[in-house]
1. Output the number of residues of the range B:243-283 satisfying the condition of being buried (at least 18 other Cβ atoms within 10 Å of the Cβ) and over 22 Å from B:Val173 (Cα atoms).
2. Taking the range A:2-29 as the search range and keeping residues that are surrounded by fewer than 17 Cβ atoms within 10 Å (Cβ to Cβ) and out of contact with any Asp or Glu (no Cβ under 8 Å at 6 or more places or on another chain), which one is nearest to the other protein chains (Cβ to nearest Cβ)?
3. Give the residues of the range B:274-316 that are closer than 22 Å to B:Ile418 by Cα and β-branched (Val, Ile, Thr), sorted by residue number.
4. Identify all residues within the range B:152-187 that are closer than 24 Å to B:Gln7 by Cα, outside any helix (DSSP H, G or I) and among the β-branched types (Val, Ile, Thr); write none if there are none.
5. How many residues does the range A:97-112 hold that are assigned to a strand (DSSP E or B) and hydrophobic (A, V, I, L, M, F, W, C)?
6. Within the range B:282-311, restricting attention to residues that are among the acidic types (Asp, Glu) and in contact (Cβ under 8 Å) with a residue 60 or more places away in the chain, which residue is nearest to B:Thr380 (Cα to Cα)?
7. Can you report the number of residues in the range A:55-107 which are of a type outside the set (A, V, I, L, M) and free of Cβ contacts under 8 Å to residues at least 24 places away in the same chain?
8. Mind listing whichever residues of the range B:239-280 are of a type in the set (D, E, K, R) and either touching a helix residue (DSSP H, G or I) at 6+ places or on another chain (Cβ under 7 Å) or at pLDDT 95 or above (or both)?
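The values are calculated or read from the model by the stated rules, or taken from the named source; none is laboratory data. Given the structure is predicted, the values throughout are model-derived calculations rather than measurements. Cβ: placed from backbone, ideal geometry, glycine included. Neighbour counts: every protein chain shown.
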Amino acid sequence: MKVHGKVIKYGDNIDTDVIIPARYLNSTDERELAEHCMEDLDSSFTSVVRPGDIIVAGENFGCGSSREHAPMAIKASGISCVIAVDFARIFFRNAINIGLPILECASAARDCENGDTVEIDFDAGTITNITKGLSWNTFPFPDFLQKIIRSGGLLQTLKNDSAGI
Amino acid sequence: MAMTMTQKIIAAHCGRDSVGPGEIVMAKTDLVLGNDITAPLAIREFEKYGFDKVFDRDKIALVMDHFTPCKDIKAAAQCSEVRAFAGAYRISNYFDVGEVGIEHALLPEKGLVGSGDLVIGADSHTCTYGALGAFSTGVGSTDMAYAMATGKVWLKVPSAIRFILKNKLGKWVSGKDVILHIIGLIGVSGAQYKSMEFSGDGLSCLSMDDRFCIANMAIEAGAKNGVFAVDDKTTEYEKLKRKRSVIYTADPDAEYERTFEIDLSLARPTAALPHSPGNTKPVDDCGDIPVDQVIIGSCTNGRLEDLANAAMVLHGRRVNRNCRTIVIPATQQIYLDALKMGFISTFIEAGCAVSTPTCGPCLGGHMGVLARGERAVSTTNRNFVGRMGHPESEVYLVSPAVAAATAVAGALATPEKIGVV
């Protein structure tokens, strides 16, 4: 699978309270959540984001609460992948579990800038910054996580095989 | 292979003699937790994928604590959805208004979690039960749905950082000051993906409420879990609440990525300044910080000893008229105990509002939301941008004693500063 989009860049420690403020957690509707995505950090996000765009951020992306509403809001905004130096652990597992593609790549996270056009080939494990002519290889996730990703999410793995994974 | 305490609990819950860091395992859970924000999403996923039974109706806890008593129509609809699910699947541990307390104070109090357990919860502060010597960790709603159906969770076995606690805490210094100091020391991702394991002779001076507070905020350092070695205090706490507890101890030759020695006698009343729990400073070095609102409560600091500390400071004093002060006992039992001990009278006589248990203001839900430009001093756990209200409001995190002193001064202060000895 390949995705292609413009970079929307953020810094370190982007927490779930800015990804989706708790005042909107009285809804589980992903469209409604997407309307408020990143609102307290970047009020332009919802008007700028286009389907396929890629969030690039620093360390500890998604720290804070366990709210799955955060990766849901990002996914429903049309974001095709989040690239970060690393992710807070609950956000990491939530993204995998709901099928929001994420990649850990410190050099891509450092060198990609706002507005750059980036292409990601998930099968080959490569990130290409078309604007800058740079390319990076990423480490593949362990087989276990790839099985969840290929199935389209954690619950689908259980649906496919009642013995689970 | 030598294992940490966390690794031993995980190994025991996946039928293995040993596990090593980095391995991904499927583990059995002793309890699966969700609340009025995360459970509706889990229930929806559970139903969408056509599951029609839960793995064990006695091992699921549904706690309606975040936006309750319901703050608006949408919040009421979410509770209603969970209530219907709890009824349909005859969930034994469903807690609603009147019985409910803040989940991470309520479950230990009811004896639903204990040493040796493996607990997951769709709430990041599920790590609180590590105070009892359990492995407990926060997950998402999809994990919760999966665990409600199967009783299992996927886990990457964590490596660990060891904290050896030494000596005793000084007056007006509590578990909150210790954990804020540690987060300041290692940073908000300092323990990312790892366990924080607490041991050492300093444990003997930490009450269970101190330990709950410390384990609770392990997530604020990015940790998967925080866990305390089990001692006489743990056993005493659990004796009346649980039929059976299993004690795991770390192997003497277990490997730790790092070891920190923390001298408790050097800990000082500490604050985390906006907008990060890692942005810490001794309260005495913070300067003049006028405050609009004080919150005393939450899963971090809404327990009886927390209220006792606040009451000791507030007894016979009045809160500053420019500083709205809200006290929230974490459970009904704590509320009742505080009432019997006279703390509630002290709070009301001092000019505080006292609320029924709720997470409410901690996440800017209700019961004390901040306006643009307002500043709160709070005993809660997060001070991110917009956490308690307007994105241009501010939150300082402190202990209950410091919060109470601040309420009296109308500005950030220690009990000593307002003349409490």
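1. 5
2. Among those that are surrounded by fewer than 17 Cβ atoms within 10 Å (Cβ to Cβ) and out of contact with any Asp or Glu (no Cβ under 8 Å at 6 or more places or on another chain), it is A:Asp29.
3. Once the filter is applied, which keeps residues that are closer than 22 Å to B:Ile418 by Cα and β-branched (Val, Ile, Thr), the range B:274-316 yields B:Thr280, B:Val283, B:Ile289, B:Val291, B:Val294, B:Ile295, B:Ile296, B:Val313.
4. Passing the criteria: B:Val153, B:Val157, B:Ile161, B:Ile164.
5. Counting residues in the range A:97-112 that are assigned to a strand (DSSP E or B) and hydrophobic (A, V, I, L, M, F, W, C) gives 2.
6. So the residue we want is B:Asp306.
7. The total comes to 2.
8. B:Asp251, B:Asp253, B:Glu255, B:Glu257, B:Arg258, B:Glu261, B:Asp263, B:Arg268
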